[in-house]
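A.B. asks: Quick one: this structure, given as structure tokens, is what I'll be asking you about.
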Amino acid sequence: MAKEEKKKPKNLDDFLAELQSQQTRDLDGAFKAHDEFTKEENINHYHENIFGKGQDELYSTFVKELDNGFTEAGGDIAKFKGVDEREKVKKALTKSLRKYFDAVHPVVSKTMNDLTLNESEQYDYLTSAYDEHIGVGRVKGAESIKEKVEGLMKGKRATIGHLKRAVSDYRIKAADNAIQVLVSKYTTHHFARYHPSEIAAYLKPRLEKEGFEVEDKLAFATADLGEHLGIRKAAIAKEIHPYLKRKEDKKK
């Protein structure tokens, strides 16, 4: 009988519930879990069916709300003449982010409802949650959506059309950044209880089996988890890494 395929999470609530029930017994299990999770087909599922769909919801809602709010003012060529116009944009972004989290991470929306936040608080809460969600301050290149939108509104020549384009351009990069945060969360869950020296000791004979020896022993011993994963990935792919040397390259 064919093995039944495991159901993939529909959103991050499902992902976190499943993650909480997982606990690997040793480093063999931790690396196996990491390898399974980071397979291309699994990452594609999260990118296309969770984060990608969420970004589509965010963008389509943002465009719809801007069209509703600025049609009489000129539509895409409308500018931000005062506080009222900027508040309309903030409300549009709030609704858009709510749609995003409804699709991607429903508990965020539920928490907002439970706290009965007012419009201003909802804006601050959702933009903050979103920036954390895509790794602002942690993932290289991750850009705050609040700063992006508010920064554009300060430009003298900025229009509604500029805002739409900026959020459209923002989508793919934001989804990629969210994936990085997700992988980091998953990896940390399985490796957090291990000291870097334990991981280094585990990897050394396995790197040698792949035809490498440690070149920079101190750096290797004190490397963080991300570096250890990178070293292992390079060795498996038979690629050069600054901390490694191919055995045949060793000077006699």
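A.B. asks: Any idea which of (1) over 30 Å from V63 (Cα atoms); (2) exposed (fewer than 14 other Cβ atoms within 10 Å of the Cβ); (3) in contact (Cβ under 8 Å) with a residue 40 or more places away in the chain is the one P205 doesn't satisfy?
C.D. replies: For P205, the failing item is (3).
A.B. asks: For the subset of the range 9-33 comprising residues that are more than 23 Å from E132 (Cβ to Cβ) and either in the same structural domain as L182 (by TED's automatic domain parsing) or surrounded by 12 or more Cβ atoms within 10 Å (Cβ to Cβ) (or both), which member is nearest to the chain's Cα centre (by Cα)?
C.D. replies: Among them, the one singled out is A33.
A.B. asks: Another question, if that's okay. Taking the conditions exactly as written (within 29 Å of I43 (Cα to Cα), out of contact with any Gly (no Cβ under 9 Å at 6 or more places or on another chain), buried (at least 17 other Cβ atoms within 10 Å of the Cβ) and aliphatic (A, V, I, L, M)), does A223 satisfy them or not? Write out each step before concluding.
C.D. replies: On the way: within 29 Å of I43 (Cα to Cα): yes; out of contact with any Gly (no Cβ under 9 Å at 6 or more places or on another chain): no; buried (at least 17 other Cβ atoms within 10 Å of the Cβ): yes; aliphatic (A, V, I, L, M): yes.
No; evaluated as a whole, the condition is false for this residue.
A.B. asks: Which of (1) touching a helix residue (DSSP H, G or I) at 6+ places or on another chain (Cβ under 7 Å); (2) assigned to a helix (DSSP H, G or I) is the odd one out, the single condition K8 does not satisfy?
C.D. replies: Condition not satisfied by K8: (2).
A.B. asks: Follow-up. Restricted to the range 167-179, and to residues that are surrounded by fewer than 16 Cβ atoms within 10 Å (Cβ to Cβ) and not acidic (D, E), which residue is farthest from the chain's Cα centre (by Cα)?
C.D. replies: So, considering only residues that are surrounded by fewer than 16 Cβ atoms within 10 Å (Cβ to Cβ) and not acidic (D, E), the one farthest from the chain's Cα centre (by Cα) is S168.
A.B. asks: Looking at (1) at pLDDT 90 or above; (2) within 20 Å of F191 (Cβ to Cβ); (3) of a type outside the set (G, A, S), which is the one condition that is false for Y59?
C.D. replies: (2)
A.B. asks: Looking at the range 110-128, is at least one residue among the aliphatic types (A, V, I, L, M), over 21 Å from D67 (Cβ atoms) and touching a residue at least 24 places away in the same chain (Cβ under 8 Å)?
C.D. replies: No, the range 110-128 has no match at all.
A.B. asks: Hey, another quick one. Considering (1) surrounded by 19 or more Cβ atoms within 10 Å (Cβ to Cβ); (2) assigned to a strand (DSSP E or B), say which one R232 fails and leave the rest.
C.D. replies: (2)
The values are calculated or read from the model by the stated rules, or taken from the named source; none is laboratory data. Fair warning: this is a prediction, and the values are worked out from it, not measured in the lab. All Cβ positions, glycine included, derive from the backbone under ideal geometry; neighbour counts span all protein chains shown.
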